[in-house]
Amino acid sequence: MKYTEGPEIRDAKAPSGPIEERWEKRKFSAKLVNPANKRKLNVIVVGTGLAGGSAAATLGELGYNVKSFCYQDSPRRAHSIAAQGGINAAKNYRGDGDSIYRLFYDTVKGGDFRARESNVYRLAQVSVNIIDQAVAQGVPFAREYGGLLDTRSFGGAQVSRTFYARGQTGQQLLLGAYQALERQVAAGTVTMHTRHEMLDVIVSDGRARGVIVRDMVTGEIERHLADAVVLATGGYGNVFFLSTNAKGCNTTAIWRAHERGAYFANPCYTQIHPTCIPVSGEYQSKLTLMSESLRNDGRVWVPLRKNDTRAPGDIPDDERDYYLERIYPAFGNLVPRDIASRAAKNVCDEGRGVGPGGLGVYLDFRDAINRLGRDAVEKKYGNLFEMYERITGENPYDVPMRIYPAVHYTMGGLWVDYDLQSTIPGLFVIGEANFSDHGANRLGASALMQGLADGYFVLPTTIGDYLAAGPFGEVDEAAIAEAELKVRNKIDRLLSVNGTRTPDSFHRELGKLMWDYCGMERTEESLRKALERIPELREEFWQNVKVTGTAEELNQVLERAGRVADFFDLAELMCLDALVRTESCGGHFRAESQDADGEALRDDENFAHVSAWEWGADGPILHKEPLEYEYVKMTQRSYK
Amino acid sequence: MNLTLKVWRQSGPSDKGRMVTYKVEDVSPDMSFLEMLDVLNERLILEGDDPIAFDHDCREGICGMCGMVINGVAHGEQRATTTCQLHMRHFEDGATITIEPWRAAPFPVVKDLVVDRSAFDRIIQAGGFVSVPAGSAPDAHSIPVRKEDADAAFDAATCIGCGACVAACPNGSASLFTAAKITHLSLLPQGQPERLSRAKAMVDQMDAEGFGGCTNTGECTAVCPKGIPLDAIARMNADYLKANAK
Ligand SMILES: Cc1cc2nc3c(=O)[nH]c(=O)nc-3n(C[C@H](O)[C@H](O)[C@H](O)COP(=O)(O)OP(=O)(O)OC[C@H]3O[C@@H](n4cnc5c(N)ncnc54)[C@H](O)[C@@H]3O)c2cc1C
Ligand code: SF4
Ligand code: FES
C-alpha cells in the first residue's frame with residue numbers, strides 16, 4: 001500500500017506552563033456560552049457508552065439541545081456495560097503513596113511513552129471527580145465495614161487505586177450515566193434515538209454539521225443537523241472478528257468520519273488482554289474476558305516440561321513454572337497486560353501451553369483459597385467463577401482456570417487535540433473512539449476513567465469554547481445530499497452483489513488474517529503478507545458477498561455487511577501503520593525490535609511520535625505529531 | 001447433536017406471525033444457544049431465506065439485549081441465566097426446542113424474536129435516578145455507607161433490564177424491574193431526598209405503559225437472570241403507599 005508523508009502536527013493545543021496548571025488554564029481561557037444561547041445550540045452525540053452517555057447527559061444539564069444515538073434498543077446496553085474490573089482514581093484513600101502525579105506517571109510509563117503528557121496529567125486530575133460524581137449518583141461501589149470505599153490493585157500499578165463494584169463496575173457506572181441521561185430526556189434537553197446507526201458525517205463549509213443515520217427498524221435514511229457532532233462510538237477490536245467486545249462494536253462511525261477528513265491516529269495500537277477464556281471451536285462468535293482483577297489472587301503457571309498432559313492437580317509445585325513471578329519478581333502476576341500476554345504466547349510457543357491445541361495457561365486459585373478461605377475468594381470473584389463455569393463446564397474452585405490472550409481494546413482511534421476536537425472543526429471524539437491518553441498500551445481500569453473524564457468533565461468545557469462562536473447558520477444542502485447519496489449507494493451496492501458467501505464468513509477470514517499477521521507479534525514479512533491479502537479478500541467481498549432482504553426493513557445481515565466493509569479498509573491502514581512503525585512499543589510488538597530478554601525495544605529517536613493518518617484518494621498521508629517528555633524521563637520500561 | 005427448532009417468525013408488527021420448523025445438525029455441546037442460531041442463520045442466508053432476527057450484543061449476560069422464550073420459559077430452563085449464556089450441553093440430542101419472543105402488550109414485536117422494550121426506558125425517565133448534575137458532587141467519602149446497605153443496593157442494581165420478568169408474568173407486570181431500581185436507590189443515602197417521589201412517578205409510569213398489576217405469582221423472580229428477589233416489590237409498594245399518603 002502506497003502512502004505519502006505530509007507536514008508534521010506541531011500544535012496539539014495544550015496550554016504551556018507547569019503541567020499541574022494547564023487544565024485550569026484551559027478551563028479559564030475557554031469561552032463561555034451564555035445560558036440563554038445554549039438552548040439554541042444543537043449538539044449530536046453518537047454513542048451512549050460511558051463516554052457518550054455521560055457527555056450527552058452533561059451537555060443536557062448545561063442546557064444545550066442534544067440528540068443522542070445508539071444502535072442498541074436502549075442506551076443502557078452500550079458495550080461499556082460489560083467492563084468488569086474497576087476504575088482508577090488518584091484518591092489516595094489508602095494513604096499508600098498514591099497521588100495525581102503517580103497516576104500520571106504510571107499511565108505515561110504504562111503507555112510506553114507514546115501518550116501526551118498534558119492529556120494524561122489532566123486525566124489523572126479529573127479522575128478524583130469521577131468517583132465523587134458516581135457515588136453521588138448512587139453507584140454502589142464496594143465498601144469496607146467502616147462504610148468507606150474499598151479499592152484493589154490492578155496491573156501496572158503498585159498502589160491500590162482501583163474502585164470497583166464487584167465484577168460489574170462498567171455496568172454500575174454506565175447505569176449511573178444512563179440514568180443521568182434519561183433524566184435529561186425527561187427534562188426535554190436530550191432527544192434519544194435508539195436503533196439508529198450512524199453512517200456518515202455531514203461536513204459543510206469545513207465544519208461538522210450533522211450525521212446521516214439509518215433507522216434500523218424501518219430502514220429509513222435520516223439526516224440530523226447540529227452545530228457540533230461528538231463521536232463516542234467505542235473501539236474497533238472487532239476487526240479481529242474474535243474479541244472481547246460486544247458483537248455490534250464497529251468502526252463504521254469513526255471510519256466514515258476518517259473518509260471525510262478526520263485523521264486516524266496509531267491504528268495499529270491494539271491491546272491483547274492476557275486473561276480470556278480460550279477459543280473452543282470453529283463456531284465461536286466472541287471471546288469472554290476474565291477480569292484482570294483475578295491476577296490479584298490467582299497465580300499464572302504452565303508445566304515446566306513440554307507437552308505435559310497430566311491433570312493440573314497432579315503436577316507438583318516444583319514441576320510448575322510460575323513464569324510471571326519468575327521473570328518479573330517486582331510485579332509478578334500484576335505486570336501490565338501487553339507483557340503478560342506476550343509471556344503467555346511465548347510459553348505456549350515453547351510447547352508448554354495447556355488445554356486444547358496447547359493454547360492456554362493456568363490461572364490458579366489454589367493458594368488463594370488456602371490462604372483466604374473459599375468464602376473470601378467467592379465474595380471477591382464469585383460471579384467471575386460462575387461465568388467461567390457456565391462457558392467451559394469446569395469449576396475453577398477445583399481446577400485452575402485456563403486462560404489465553406484475546407483482543408480487547410484499541411488504543412488507536414481518531415486523532416484529537418487537547419480539546420478532544422478532531423481535524424474536522426466541530427467534530428469531537430471521546431472515549432475509546434479517540435486515541436488520546438493511553439499511548440501504546442492502556443493500563444487496566446483506565447478506560448472507564450478516560451471515558452467518564454471525557455464525557456463528564458473535559459468535553460463539556462472544551463466544546464463550549466467551540467460553540468461560543470455558534471449557531472453556525474444554514475447547512476449547505478448539497479453537502480447533505482451528497483452524504484445521503486453516498487450512504488444509499490453503499491447500501492444498494494451491498495444488496496446488489498448477491499454472491500455466495502455470508503458477511504460473517506468474510507469477517508471471520510479477515511479476523512483470522514489480522515490475528516495471524518497483525519496480532520500479538522508482527523513482522524515485516526507478516527505485515528506485507530496481510531497487505532497483500534486484505535485487498536484481495538476485500539475484492540472478493542464486493543464480488544461475492546450475499547446480503548438477503550431489503551434496505552427498507554430491520555435487516556441484520558445488511559448491518560453486518562456494512563460494518564465488515566469498513567473493517568476491511570481499517571485493517572489495511574492498521575497493517576500499514578504497523579509496518580511503518582518498525583519499533584516495538586506497548587501492545588505493538590515488532591519481532592525485529594526486541595532486547596536480549598525478548599522485551600519490546602522502543603526506538604525513541606525515530607518513533608517518539610503519534611502517527612496520524614489522513615485519508616487520501618491516492619493512498620493515506622502520514623502526519624507525525626512529535627511527543628515530548630518534560631516530566632517523566634523516557635526509559636525502557638522495566639517491571640522486573 | 002441434532003435438533004429440531006420451532007421458531008416464531010413474524011416479518012413485522014402488522015404480520016400475524018407463525019411457528020416455523022427448522023432442523024439443525026452437528027451442533028456442538030460447547031456452543032452457546034445464540035451460536036447455534038448463528039449457524040442456522042448462516043445456512044438460511046446461503047439458501048436465500050431471511051435469517052431469524054434476534055437481539056443480542058454482549059453475549060456474556062450483562063447488556064440485557066438478548067431474550068427469548070425457550071420451551072415456554074423466558075431465557076430457558078436454566079436458572080439465573082440469560083439466553084446468551086445458555087450452552088447447548090444442557091439440551092438432549094434429538095430434542096425439539098420452541099423459541100418465541102417476549103410476549104406482553106407493552107413489548108410489541110418488531111420482527112421475529114425482536115421486541116420493543118422502550119417502555120423500560122420511560123419508566124427510568126420518570127424517576128429512576130438521583131438528580132445530581134456533573135461537577136456538583138461532594139467528596140465520595142463525605143457520606144459513609146454501611147457495607148450491608150451498599151451490598152444490598154448493589155444486588156438490586158444488577159438488573160440488566162432484559163424484560164424476562166414481564167414475559168414470564170401472567171399479568172405482564174413490570175413490577176420486578178421497577179422495584180429493582182427503586183430498591184437500589186432507596187437503600188443508599190444518596191437516594192433518600194427523592195425516594196418517595198421517585199417511587200410514585202415510576203409506578204405511575206409503569207401503569208401508564210400498560211403493564212399489568214402484581215399478584216405475587218413469583219414467576220418473575222424465577223426467570224430473572226440476576227435473581228432479583230420478590231421482596232423488592234414489597235419495598236416498592238411500601239414506598240408507593242407512603243408517597244400517596246402524603
Ligand atoms: C469485557 C470487557 C471488560 C472491560 N473491563 C474494563 C475495566 O474493568 N476497566 C476499564 O477501565 N475498562 C474496561 N474495559 C474497556 C472499556 O469497557 C471500554 O473501553 C469503554 O467502556 C468504552 O466506552 P465508550 O463509551 O468509549 O464506548 P462504548 O461503551 O463501546 O459505546 C459505544 C456506543 O456507540 C454506539 N455506536 C457505535 N457505533 C455506532 C454507530 N455507527 N451508530 C450509532 N451508534 C453507534 C453504541 O451503540 C454505543 O452506545 C473493558 C472492555 C471489555 C470488552
Ligand atoms: S428484574 Fe430480572 S428479569 Fe426483570 S428486567 Fe431486571 S434482570 Fe431482567
Ligand atoms: S447478549 Fe447481552 S445479555 Fe445476552
For A:Lys306, go through the lysines and keep the ones whose alpha-carbon is under 21 Å away, minus same-chain ones fewer than eight residues off. A:Lys345
Leaving out ligands and nucleic acids, and using a 1.4 Å probe, what accessible area per residue does segment A:108-248 come to in Å²? 21
What is the Cα centroid distance between segment B:171-202 and segment A:37-93, reported in whole angstrom? 23
Counting partner chain Cβ atoms within 10 Å of every residue's Cβ in A:527-534, what's the average? 0
Checking the a/c ratio against 1.5 first, then a/b against b/c, what shape does the Cα gyration tensor give for segment A:360-519? oblate
HN-Hα J couplings of segment A:516-531 from phi, Karplus 6.51/-1.76/1.60, θ = phi - 60°, integer Hz, Gly and Pro as x? 6, 9, 9, x, 5, 9, 10, 10, 4, 5, 5, 5, 5, 4, 4, 5
If one builds a Gaussian network model of chain B from Cα atoms under 10 Å apart, the most fluctuating residue listed among B:Glu42, B:Glu219, B:Glu60 is B:Glu42
Using only DSSP helix segments of four residues or longer, with each worth -39500 (n - 2.57), what per-residue ellipticity at 222 nm results for chain A after dividing by its residue count and rounding to 500? -11500 deg cm²/dmol
Those residues of segment B:59-83 for which accessible area with every protein chain present is at least 30 Å² below the isolated value (1.4 Å probe): B:Arg59, B:Glu60, B:Ile62, B:Cys63, B:Met65
Pick from B:Gly64, B:Gly218, B:Gly48: which residue has the top mean-square fluctuation in a GNM of chain B where Cα pairs under 10 Å get a spring? B:Gly48
When the accessible area of segment A:274-401 is computed with all protein chains present and a 1.4 Å probe, what percentage of it is carbon and sulfur? 49
HN-Hα J couplings of segment A:195-201 from phi, Karplus 6.51/-1.76/1.60, θ = phi - 60°, integer Hz, Gly and Pro as x? 6, 10, 10, 6, 10, 6, 9
Can you give me the accessible area per residue for segment A:274-401, using a 1.4 Å probe, in Å²? 41
Note down the accessible area of A:Lys380, probe 1.4 Å, to the nearest 10 Å². 80
Given R₀ = 35 Å, what would the calculated FRET efficiency be for A:Asp597 paired with A:Asp314, taking r from the Cβ atoms and rounding to 0.05? 0.65
Which of the GluC sites (Glu not before Pro) found in segment A:214-294 are loop residues per DSSP with 15 or fewer other Cβ atoms within 10 Å of their Cβ? A:Glu220, A:Glu282
Long-range HN-HN contacts of A:Asp321 with modeled amide H, under 5 Å: A:Val302, A:Leu304
Quickly work out the A:Ser638-to-B:Ser131 label distance, labels modelled 7 Å from Cα along the C-beta direction, and quote it in nm with one decimal. 5.8
For the protein assembly as shown, the Debye formula with one identical point scatterer on each Cα and no solvent gives log10 I(q)/I(0) at q = 0.04, 0.05, 0.10 Å⁻¹ as -0.16, -0.25, -1.13
Taking R0 as 30 Å, what FRET efficiency do you get between A:Lys13 and A:Arg39 from their Cβ-Cβ distance, rounded to the nearest 0.05? 0.60
Using a Gaussian network model on chain B with a 10 Å cutoff between Cα atoms, which of B:Ser136, B:Ser173, B:Ser197 fluctuates the most? B:Ser136
Can you give me the angle between helix A:50-62 and the longest principal axis of chain A, using Cα atoms only, in degrees from 0 to 90, rounded to the nearest 10? 40
Using Cα pairs under 8 angstrom and six or more residues apart, how large is the relative contact order of chain B, in percent? 20
Relative to the longest principal axis of chain B, what angle (0 to 90°, nearest 10) does the C-alpha long axis of helix B:231-245 take? 50
Per-residue HN-Hα couplings for segment B:2-8, Karplus 6.51 cos²θ - 1.76 cosθ + 1.60 at θ = phi - 60°, whole Hz, x for Gly and Pro? 10, 9, 10, 10, 10, 10, 6
Relative contact order in percent for segment A:274-401 (Cα pairs under 8 Å, 6+ apart) equals 27
Here, B:Asp231 and A:Lys486, labelled 7 Å along Cα→Cβ, have an inter-label distance in nm of 5.9
Holding the Cα-Cα limit at 30 Å, pick out from A:Lys286/A:Lys640; B:Lys6/B:Lys226; A:Lys25/A:Lys624; A:Lys40/B:Lys242 the pairs that are longer than that. A:Lys286/A:Lys640; A:Lys40/B:Lys242
Net charge over other residues, Cβ less than 10 angstrom from the Cβ of A:Arg116 (K, R count +1; D, E count -1): -3
How high is the FRET efficiency between A:Thr218 and B:Lys6 when r is their beta carbon distance and R₀ equals 45 Å, given to the nearest 0.05? 0.95
With the 8 Å Cα cutoff and a minimum separation of six or more residues, segment A:477-607 has a relative contact order in percent of 29
Classify segment A:113-213: rounded, prolate or oblate, from the alpha-carbon gyration tensor (a ≥ b ≥ c, eigenvalue square roots; a/c under 1.5 rounded; otherwise prolate if a/b is larger than b/c)? oblate
Positive-end extreme of charge dipole, chain A - chosen from A:Leu41, A:Met634, A:Ile315 (charges on Cβ): A:Leu41
Beta bridge orientation in segment B:4-103: antiparallel %, DSSP, nearest 5: 75
Could you state the angle between the C-alpha long axis of helix A:337-349 and the longest principal axis of the C-alpha atoms of chain A, as a value from 0 to 90 degrees rounded to the nearest 10? 50
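The values are calculated or read from the model by the stated rules, or taken from the named source; none is laboratory data. Keep in mind that this is a model prediction, so the values were computed, not measured. As a convention, Cβ positions derive from the backbone with ideal geometry for all residues, glycine included, and neighbour counts pool all protein chains shown. Surface areas here come from the heavy atoms of the whole protein model, side chains and all, with no ligands, DNA or RNA. Shrake-Rupley method; radii C 1.70, N 1.55, O 1.52, S 1.80 Å.
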